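*Asks:* Please find one structure pasted underneath; my questions will follow.
The values are calculated or read from the model by the stated rules, or taken from the named source; none is laboratory data. The structure presented is a predicted model; accordingly, all values stated were derived computationally and were not measured. So basically every Cβ, Gly included, is an ideal-geometry build from the backbone, and we count neighbours across all protein chains shown.
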Amino acid sequence: MTSFRQLSETRTFRTSWFSHRINLKVMMLIALAIAILILLMLWAITLGAVDLSIREVWNATWGDGDRKTLLVVRTLRWPRIATAVVIGMALAISGMLFQSIARNPLVSPDIIGINSGATVVAVAWLVIVRNTSQLPLAAFLGAILTAAIIYLLSWRNGASPDRMILVGIGVASMTQAVTALILVRFPLEQIRPAVVWTMGSIYGSTWRDVVITSLVVLVSLPFAILLMQPLRAMSLGDNVTRSLGIPLEMTRLGVILIGCALAAVSVAFAGPIGFVALMVPHMARMIAGPQSGGVLVFSGILGGIILLLSDTLALHFLPVVLPVGVVTGAIGAPYFLFLLYRSNSRM
Amino acid sequence: MSYLATDNLAIAYDNHVVVDGMSLQITEGTITTIIGPNGCGKSTLLRALARILAPKQGTVLLQGQDIHAMSTTAVARNMGLLSQQAESPDRITVSELVARGRYPHQKFLQPLTKKDLDAVDKALDLADMTSLRDAAVDELSGGQRQRAWIAMLLAQETPLMMLDEPTTYLDVAHEIEVMQLVRRLNREEGRTIVMVLHDINQAASVSDRIIAMRDGRIVADGSPDDVVTIEVLSTLYGVHCDVYQHDHHMPRGRFCMPRSNSNCGACLFAPSRPGFAVSELQTGYGKRVISQDLSLTIPGGLVTAIIGPNACGKSTLLKTIGRLQKRAAGQILLDNTEVSKESHRKLARKLAMLGQGALIPDRLTVEDLVTAGRYPRQSVWQRCSLEDERMVEWALEKCRLLELRDIPVESLSGGQRQRAWFAMSIVQDTPTLLLDEPTTFLDISAQIDLLDIVWQLNRDHGKTIVMVLHDLNLAARYADYIIAMKDGRIAAQGLPTEVIVPEVMQAVYGIESSILTDQATGMPLMIPLRGM
């Protein structure tokens, strides 16, 4: 505890119209995480059937190299790596927003049914409509529609977070049942792509995917950071929130909208990836301290690192190539348990 | 013969010693009460006596036997503990709750025997709860609920009963009800009773013996007449108290009242601002109506206290005028403006509210909590202005929290926590301050400290103060204006000298009382005449 206090020294920056308190520890952690992420990305691009050095990758990234290297680096590898990072960020930020709003550490978009809503639409799209080109759009609409249904069903004089969790779990079970029904009713060769999709993967991502997902993350992030300030006060309970003049329902709706958009875009382009949205915010808080705008950013970068690591592991270091969704739990969970063990023993 | 004894008992949490080498004997068939300031170790001592905590050193002896060498069932058949704020499961009825007290007597997986059922009936009868046996516990009033819990303890049929703050949250009438029950159990049933009370006057009214603790040690031990003295109370709490001895006004016990450090007691009569004007207000939760057609004025620039029995609608009124709770109908004007017309932020700059039952997130420090109170003054760009910093320092200093600023709120004692919440409400620097039971969990000296700050905020800074207060004598001393409520209606209002009178006390609480004059301030001092 004492070491934590010493490290989390804050510095105040103040001019006539601007004043902010910056937590130096969090800022340093963010810088460190960005550095690790960039190195990790460059290293991940060197891996694969065509062996490249970091220097070759660096040069090819900026358009310098032979045609084959350029193709491999810029068209094949970069989009996939960038998608992994952006999706990891979206998931982690969305998870932290949901956990803050629900004041419950066990909440994440996959638990309250947004992923399974997207899954049922995507599976129906793949199996029944048999169309792969508009798949992200279908999954995105499924996620948004499910989120809207959950929000409306849990509305009674305001949306209480507790009721949202219960309604979400109910909706999740229902949509999972429908998904299972579709998978059972159709022939095996027809459902195969759907089954692979439900494991969560980022095969064959293109620059288009990267642009769309990054746009959503870049637009959401400033709002999410701004909302962390009222969210901190909201953690003190509804009465305190109201007496501090925070418009409770509006803030809640704003957080839910941003959280859903991030969750929906990630499930649309990568399928339902578990673990990241639930666990990475916890990891971020255990490493960097209580929730704040800085910790939210840190959590996003950590999400990117975890998903990229998982994807790299899934692709290059396992005897069989697995979808990334299978691996996130396998590498994230032990690290999470380690952090949990350490924070317990410190208390 | 001593029934329960400790020998050189020490209890520590981690390395923090809470009870320090205590040896005491408790005689069979007596009522012993432990009093002392916040954090003196009184509840910890009681829990160690009940075998809930293991001592670091020393032993607790029950009839000469070490309780840690006895089986859990044997201990549970000999002593029962009523903890502070025990939680009851949803929708359990009174008789079901009371039947749980039979657990130590039941065999594994056996239904209640005739003997158990008789014990339950007898316990209900003793606690005067027979007529409410099928009522749901969560629908009872505070006093009834506390009696239901005591009945559960009675069904356990233990010769020794321990009660930890059995009167927290209860109004004066319910306090008397519970104290009378305790007295009856002792005198008629011969139970030995050990309790922790924070109210010295209650302790004096019911106990055979009072043990006064401070910093884990016994400061004084003896009859109420020995312990409730100016000298003992000033060493115990560090505040000077006036002690009123029994005469024809007071058939029993001694009564003490702490001195303030401010010149409170001199009422202001003229409001300096319009304050609140409430008309035809209906308050309630969903379909449950608490108050109907409530019209009242709360003077601006003065200190107003709202008093009344549990569940009379006083906290609901405070929350509704502070816009924390939706009203069903009516109008609420604050300084001539309808509060619902203000934006959230604008209203938050006009009035601050100290409520009850807030959440405490992990790892939030005292300074973080107090700083959160500055939210209504901050913008996207201005998150930490010089003014914010100055106000936070001022509030921390006023509430004596400077040394605690970096401590997580979750690890503070109840009294310290209450001071931190109070600091958060005054740091908002609003012209109006609403306080809901600000003195809960505080010992007498901390109560006086807090109310002295409230007094200064009013007299030096002209703030309008509206507070729900539990202690009538503190209300009489610190308020310029008192509103007494009963059953959602206003039963009386006016100057303290007009409201704190025997007729109003009878009408509002249904108690006999005698009114003396507070030696320190000349304001009325209400002493309940306990029918014991």
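*Asks:* Filtering region B:353-401 down to residues that are more than 8 Å from every other protein chain (Cβ to nearest Cβ) and among the aliphatic types (A, V, I, L, M), which residue is nearest to the chain's Cα centre (by Cα)?
*Replies:* For region B:353-401, the residue satisfying everything is B:354.
*Asks:* What residue, among those in region B:322-341 that are touching a residue at least 40 places away in the same chain (Cβ under 8 Å) and at the interface with chain A (Cβ under 9 Å from one of its Cβ atoms), is nearest to residue B:416 (Cα to Cα)?
*Replies:* B:322
*Asks:* Quick one: which residue in A:204, A:254, A:259, A:200 is surrounded by fewer than 15 Cβ atoms within 10 Å (Cβ to Cβ) and not charged (D, E, K, R)?
*Replies:* A:204
*Asks:* Just a yes or no: is a residue in region B:52-68 in contact (Cβ under 8 Å) with a residue 60 or more places away in the chain and closer than 30 Å to residue B:444 by Cβ?
*Replies:* Within region B:52-68, none of the residues are in contact (Cβ under 8 Å) with a residue 60 or more places away in the chain and closer than 30 Å to residue B:444 by Cβ.
*Asks:* When region B:356-370 is examined, which residues are found to be in contact with a strand residue (DSSP E or B) (Cβ under 9 Å, 6 or more places away or on another chain) and surrounded by 22 or more Cβ atoms within 10 Å (Cβ to Cβ)?
*Replies:* Within region B:356-370, just B:366 meets the criteria.
*Asks:* Looking at region A:223-249, which of the residues that are closer than 30 Å to residue A:273 by Cβ and without any contact (Cβ under 8 Å) to a residue 40 or more places away in the chain is nearest to the other protein chains (Cβ to nearest Cβ)?
*Replies:* A:230
The rows are residues; the columns are (1) free of Cβ contacts under 8 Å to residues at least 60 places away in the same chain; (2) in contact with a strand residue (DSSP E or B) (Cβ under 6 Å, 6 or more places away or on another chain); (3) surrounded by fewer than 23 Cβ atoms within 10 Å (Cβ to Cβ).
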residue	(1), (2), (3)
B:130	yes, no, yes
B:134	yes, yes, yes
B:143	no, no, yes
B:155	yes, no, no
B:173	no, no, yes
B:183	no, no, yes
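*Asks:* Can you pull out every residue in region B:17-45 that is surrounded by fewer than 19 Cβ atoms within 10 Å (Cβ to Cβ), within 26 Å of the chain's Cα centre (by Cα) and in a strand (DSSP E or B)?
*Replies:* B:17
*Asks:* Would you point out which residue out of A:213, A:175, A:179 is over 30 Å from residue B:359 (Cβ atoms), of a type in the set (Ser, Thr, Tyr) and either within 14 Å of chain B (Cβ to nearest Cβ) or under 19 Å from the mean Cα position of the chain (by Cα) (or both)?
*Replies:* From the options A:213, A:175, A:179, the qualifying one is A:213.
*Asks:* Among the residues of region A:43-57, write down those that are surrounded by 16 or more Cβ atoms within 10 Å (Cβ to Cβ) and either touching a Leu at 6+ places or on another chain (Cβ under 7 Å) or in a helix (DSSP H, G or I) (or both).
*Replies:* Across region A:43-57, the qualifying residues are A:44, A:45, A:46, A:56, A:57.
*Asks:* Yes or no: region A:101-120 includes at least one residue that is within 14 Å of chain B (Cβ to nearest Cβ) and in a helix (DSSP H, G or I).
*Replies:* Yes, some residue in region A:101-120 is within 14 Å of chain B (Cβ to nearest Cβ) and in a helix (DSSP H, G or I).
*Asks:* In addition: Is there a residue being touching a residue at least 60 places away in the same chain (Cβ under 8 Å), out of contact with any helix residue (DSSP H, G or I) (no Cβ under 8 Å at 6 or more places or on another chain), among the polar types (S, T, N, Q) and under 30 Å from residue B:339 (Cβ atoms) anywhere in region B:282-298?
*Replies:* yes
*Asks:* Let me ask something else. Between a first residue in region B:85-98 that is over 18 Å from residue B:142 (Cβ atoms) and a second residue that is among the β-branched types (Val, Ile, Thr) and modelled with pLDDT of 90 or more, which pairs have beta carbons less than 9 Å apart while being 6 or more apart in sequence or on different chains?
*Replies:* Listed by first residue and then by second, the contacts come to B:95/B:120.
*Asks:* Still on this structure: Return yes or no: is residue B:458 in contact with a Gly (Cβ under 8 Å, 6 or more places away or on another chain) and either within 13 Å of chain A (Cβ to nearest Cβ) or closer than 24 Å to residue B:298 by Cα (or both)?
*Replies:* When the stated conditions are applied, residue B:458 passes them.
*Asks:* For residues in region B:506-532 being touching a residue at least 60 places away in the same chain (Cβ under 8 Å) and assigned to a helix (DSSP H, G or I), which is surrounded by the fewest Cβ atoms within 10 Å (Cβ to Cβ)?
*Replies:* Looking at residues that are touching a residue at least 60 places away in the same chain (Cβ under 8 Å) and assigned to a helix (DSSP H, G or I), I get B:508.
*Asks:* Just to confirm my filter: which helices (runs of 4 or more DSSP H) fall fully inside region B:155-239 and include at least 3 residues that are among the β-branched types (Val, Ile, Thr)?
*Replies:* Working: elements: B:172-189, B:200-206, B:224-227, B:230-237.
Passing ranges, in order: B:172-189, B:230-237.
*Asks:* Looking only at region B:83-95, which residues are at pLDDT 90 or above and not β-branched (Val, Ile, Thr)?
*Replies:* Result: B:95, single match.
*Asks:* Anything in region A:143-166 that is touching a residue at least 40 places away in the same chain (Cβ under 8 Å) and in a helix (DSSP H, G or I)? List them, or say none.
*Replies:* A:143, A:144, A:147, A:151, A:161, A:162, A:164, A:165
*Asks:* Looking only at residues that are under 23 Å from residue A:226 (Cα atoms) and crowded, with 20+ Cβ neighbours inside 10 Å in region B:342-352, which one is farthest from the other protein chains (Cβ to nearest Cβ)?
*Replies:* In this case the residue turns out to be B:347.
*Asks:* Provide a single number: the residues in region B:99-129 that are closer than 24 Å to residue B:87 by Cβ and assigned to a helix (DSSP H, G or I). Give the derivation first.
*Replies:* As a first pass, look at region B:99-129 and keep what is closer than 24 Å to residue B:87 by Cβ: B:99-106, B:112, B:116, B:119-120, B:123-124, B:126-129.
Filter once more, so that each one left must be assigned to a helix (DSSP H, G or I): B:99-100, B:103-105, B:116, B:119-120, B:123-124, B:126.
Of the residues in region B:99-129, 11 are closer than 24 Å to residue B:87 by Cβ and assigned to a helix (DSSP H, G or I).
*Asks:* Right, something else. Select from region A:114-150 the residues that are among the hydroxyl-bearing types (Ser, Thr, Tyr) and either crowded, with 16+ Cβ neighbours inside 10 Å or touching an Asp or Glu at 6+ places or on another chain (Cβ under 9 Å) (or both) and list them in ascending order. Break it down stepwise before answering.
*Replies:* Keep residues of region A:114-150 that are among the hydroxyl-bearing types (Ser, Thr, Tyr), which gives A:116, A:119, A:132-133, A:146.
Within region A:114-150, A:116, A:119, A:146 meet the criteria.
*Asks:* Report, ordered by the first and then the second residue, all pairs with beta carbons closer than 9 Å, sequence separation of six or more or different chains, a first member in region A:297-315 that is among the small types (Gly, Ala, Ser), and a second member that is not in a helix (DSSP H, G or I).
*Replies:* Qualifying pairs under 9 Å: A:299/A:291; A:310/A:273; A:310/A:275; A:314/A:201; A:314/A:321; A:314/A:322; A:314/A:323.
*Asks:* Name the residue that is nearest to the other protein chains (Cβ to nearest Cβ), counting only residues in region B:286-308 that are at pLDDT below 90 and in a loop (DSSP other than H, G, I, E, B).
*Replies:* B:286
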